[in-house]
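Okay, so here's the structure we're looking at.
Please treat every number below as a calculation from the coordinates, not as lab data. Keep in mind the model is a prediction, meaning the values are calculated, not measured. Positions of Cβ are generated from backbone atoms using ideal geometry, with glycine treated the same way; all protein chains shown enter the neighbour counts.
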Amino acid sequence: MSATRATRPRKSRLRLDPARTLRWCAVVIIAVLFAFPLYWVVVTAFQSKQGVFSIPPNFVPGLHGDAFLYVLEHTDWARFMANTVFVAGTTVVLVLVTSALAGYALAELSFRGRGLIFFLVLGVIMLPAQALLIPQYAVAMHLHLLNTYAVQIVPFAASTFGVILFRQFFKGLPRVYWEAARLEGVGHLRYIRRVAVPLARPAVATVALLTFIAAWNQFQWPLIMTTSTSIQPIEVALSHYMQTFEANWRKLTSAVLLALMPIVFLFLVLQRHIVAGVAGRDSGVNT
């Protein structure tokens, strides 16, 4: 009898950790608070005309998509989207090129003042963009760049965050890669293109997505630097819709969701690379 009791498996008891439970409760509450405004935008966009102003409010989204069709058919939405895709895509390409080249130079090339240049790059992050807005406007005006695509792209063709992140990844590459490439007669530019950049895929994905999001969400800069609706991006168009559809919340929220879709799609596709690039083992700043 005693042997049977000794061999009988003990039932595992579930022990609740109060601290862990409290942390998870806090995470859930914060997530709900941050997600609720977006959820309410979805509810409003798919709601009926009467349901938007119903009391008590209806928290379940309907199946009404006429507001989306109105925004797509009766506005210049396609033009604004094309402008934003062109500006954001071109900015991403330029940032990747400049960040990879500058990051490689600061990580692998030995020259006088390299440490000083790196700390100056870090210092640029401390400058608020609003403090430089007036002189930048004056420079753009004297260069005749106002109300052009160039003024929305060129000032953002280099990224301090991109330079720093690429530098950290390139510093983590084994030196034997460059030595082997040098024995094969490969120069620095070809080594960057064929070896360094492919190995830094998490950095490429992170910089590309964050740059694309920043360019896609540009509002203050194009609002000040452009006046023609033919070249303005989607965020400026949303400000016009806020005035046009001030009382029609269904059309305004539909336009907001259409503007968010590309960003959400890219984030879902590249989120694994973003985590590897930002929170990876090589993400620390080494001098």
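Observations on the structure shown:
- Within region 67-278: Cβ-based charge dipole about Cα centre, in debye rounded to nearest 20 (Lys, Arg +1; Asp, Glu -1): 760
- Cut-off 17 Å, label 7 Å out along Cα→Cβ of V176, residues of region 188-216 by amide N: 196
- Packing rank of 87-99, 172-184, where each peptide gets the mean count of other beta carbons within 10 Å, highest leading: 87-99, 172-184
- In plain terms, the C-alpha convex hull of region 105-220 casts an average shadow of 9.2 nm² when viewed from every direction.
- Between the listed residues A203, S254, Q232, the Cα displaced farthest toward the positive end of the dipole of the chain, a dipole computed from Cβ unit charges relative to the Cα centre, is found at A203.
- Kirkwood estimate for region 67-278, i.e. one over the average of 1/r between Cα atoms, Å: 19.2
- Reported to the nearest whole Å, the Cα centre-to-centre distance from region 181-259 to region 90-140 is 18.
- Burial order of peptide ranges 250-256, 228-234 (average beta-carbon count within 10 Å, highest first): 250-256, 228-234
- A simple packing score, the average count of other Cβ atoms within 10 Å per residue, orders the peptides 116-124, 41-49 as 41-49, 116-124, with the highest score first.
- Ordering V139, F59, N83 by the projection of their Cα atoms onto the charge dipole of the chain, which places +1 on the Cβ of Lys and Arg and -1 on the Cβ of Asp and Glu, puts F59 at the extreme positive end.
- Gain in span if fully extended, D76 to W24, counting 0.36 nm per residue against the direct Cα distance: 14.2 nm
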